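Chemist: I'd like to ask you about the structure that follows.
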Amino acid sequence: MSDLEPIKAILGAFLDNVEAVKHLHQNISAPQMATTFSIVDQNPLFDNTPIIPESDLFYEKENAYMLLYADAWNFRTYMHRRPKPTIIPEYYQQLALPIYQQWRRKEKEVFHRHCEQIPEPSDKLILSDYLNHLASTASERNEHRDVWIESLRSLLQFLREDTELDQKGFLEILFPSHESCKGMEFRKGYSIERQGKKTKKVERRYILRKIEETVYPIDILAASEILMNLIQTILKGRPNVQRSAAEALGFSWLCHAIGNSRLTTRENLVFNIEIDNFKSIDVSSAKWFQPTHFISIPSLFGIVDVPVSKTLYEFLFALPRDIGSNRIFNMDLDTLRRTFRDKGVKQSPRALHLGQITFLTFMSQPHEAIGHRPMLKKKGFKDKKETVAHQAI
């Protein structure tokens, strides 16, 4: 049996703070009945009996954000999104021609056919500019011949095998891969261009990321309801599911923090982080309304410090760990997925009609379109026959 009392104490204190804020909201919004007026100063005399106001969607959303950010008083501190990395990784600053020649020597069979392949870069063009040129050729110039796409796929696979994890982000943004999602496709479309006084519809291709339906975000009320279900399972559920519910809650919270930071990473990288990844700064030296606790997360752009609330920081630190283990999450990921689904999602009336929801869902920032979830494919939609241009790269 694992000692869950420390994390139960942390959750109890957090819920007490949530209730304190709710009570404050109620008092602020609650009207009071004026029973009569004073003749002397003509001011109303209020009845001491409070009137409970009807449910206010604004405060309902506020309560949801408190649960999502694991902070009752200062959750807005974590709502400011960090800008995405703009520095081009070192690997892509080297000349493109030597890389192109290495790939061509390795993949000789691609060039046996006398068809036009992706063009050879100039001797002064760096790799990042060359890849941007290929992306522009595929989309803006409407290049979609199968042999051209096939040679592009071959080059991209060569680059992925040649780069370290923290150097893959630049390539993933231009050309998504199976490792990070379901790959990509070139979808037919058009753009409007002006020609003199007239406009013309010009055919083009769009490079689209193919993702699992579970990646699409859900609304904040459904997400917070799932988290509350897991909290209640930890505090009141059967002893044999309390630990898995605790790890599922912690991983859900961490996935939400990562989604809020728009971090380009992978589920398994987050799941395998260790206690050594925890960081905090002295509160006295911190700026007002700035995060003081962080968790370093490996990403495709290197290690990134993701801000988390003090509650989440302490909760993850207090999770039971196996003897000799330094990892935050010690249970099997499939077990956590099952607990998340059975004790979190299936117990949520708001989430039942929103499709499949997993930890990946929490890596996409929840939205305020209550009751809705964006989906690329609708039921009854049939894919067209795929060519090389439509297949995931």
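The values are calculated or read from the model by the stated rules, or taken from the named source; none is laboratory data. The structure displayed is predicted, hence computed values, not measured ones. No Cβ is skipped: glycine too gets one built from the backbone with ideal geometry, and neighbour counts run over all protein chains shown. Only protein heavy atoms, including side chains, enter the accessible area calculation; ligands, DNA and RNA are left aside. Shrake-Rupley method; radii C 1.70, N 1.55, O 1.52, S 1.80 Å.
Chemist: Residue under question is Leu171, and the condition is that it be assigned to a helix (DSSP H, G or I) and closer than 27 Å to Pro298 by Cα; does it hold?
Modeler: yes
Chemist: Answer with yes or no whether Ser296 is outside any helix (DSSP H, G or I), within 30 Å of Ser139 (Cα to Cα) and at pLDDT 90 or above. Don't jump to the end; show me each part of the working.
Modeler: On the way: outside any helix (DSSP H, G or I): yes; within 30 Å of Ser139 (Cα to Cα): no; at pLDDT 90 or above: yes.
Taking the combined requirement at face value, the residue does not satisfy it.
Chemist: Looking at this structure, is Met228 of a type in the set (A, V, I, L, M) and either open to solvent by 40 Å² or more (accessible area, probe 1.4 Å) or free of Cβ contacts under 8 Å to residues at least 60 places away in the same chain (or both)?
Modeler: For Met228, the condition - of a type in the set (A, V, I, L, M) and either open to solvent by 40 Å² or more (accessible area, probe 1.4 Å) or free of Cβ contacts under 8 Å to residues at least 60 places away in the same chain (or both) - is met.
Chemist: Further question: Quick one: Val147 ticks every box in (1) within 30 Å of the chain's Cα centre (by Cα); (2) of a type in the set (Val, Ile, Thr); (3) surrounded by fewer than 19 Cβ atoms within 10 Å (Cβ to Cβ) except a single one, so which number is it?
Modeler: Among (1) within 30 Å of the chain's Cα centre (by Cα); (2) of a type in the set (Val, Ile, Thr); (3) surrounded by fewer than 19 Cβ atoms within 10 Å (Cβ to Cβ), the lone unmet condition for Val147 is (1).
Chemist: Across the range 157-173, which residue is modelled with the highest pLDDT among those that are among the polar types (S, T, N, Q) and more than 18 Å from Ala135 (Cα to Cα)?
Modeler: Thr163
Chemist: Follow-up. Return yes or no: is Asp276 at pLDDT 90 or above, in a helix (DSSP H, G or I) and open to solvent by 70 Å² or more (accessible area, probe 1.4 Å)?
Modeler: Yes; evaluated as a whole, the condition is true for this residue.
Chemist: Applying the selection to the range 332-353, what residues are within 26 Å of Ala9 (Cβ to Cβ), touching a residue at least 60 places away in the same chain (Cβ under 8 Å) and open to solvent by 30 Å² or more (accessible area, probe 1.4 Å)?
Modeler: Scanning the range 332-353 gives Thr335, Lys343, Gln347.
Chemist: Given (1) of a type outside the set (Lys, Arg); (2) crowded, with 16+ Cβ neighbours inside 10 Å; (3) in contact with a Phe, Trp or Tyr (Cβ under 9 Å, 6 or more places away or on another chain), identify the lone condition not met by Tyr206.
Modeler: The failed condition is (2).
Chemist: Any idea which of Phe315, Phe329, Phe271 is open to solvent by less than 60 Å² (accessible area, probe 1.4 Å) and within 26 Å of Pro176 (Cβ to Cβ)?
Modeler: Phe271
Chemist: From Ile99, Ile51, grab the single residue that is β-branched (Val, Ile, Thr) and at pLDDT 90 or above. Lay out the reasoning, then the answer.
Modeler: On the way: Ile51 fails: at pLDDT 90 or above.
Criteria check complete, one pass: Ile99.
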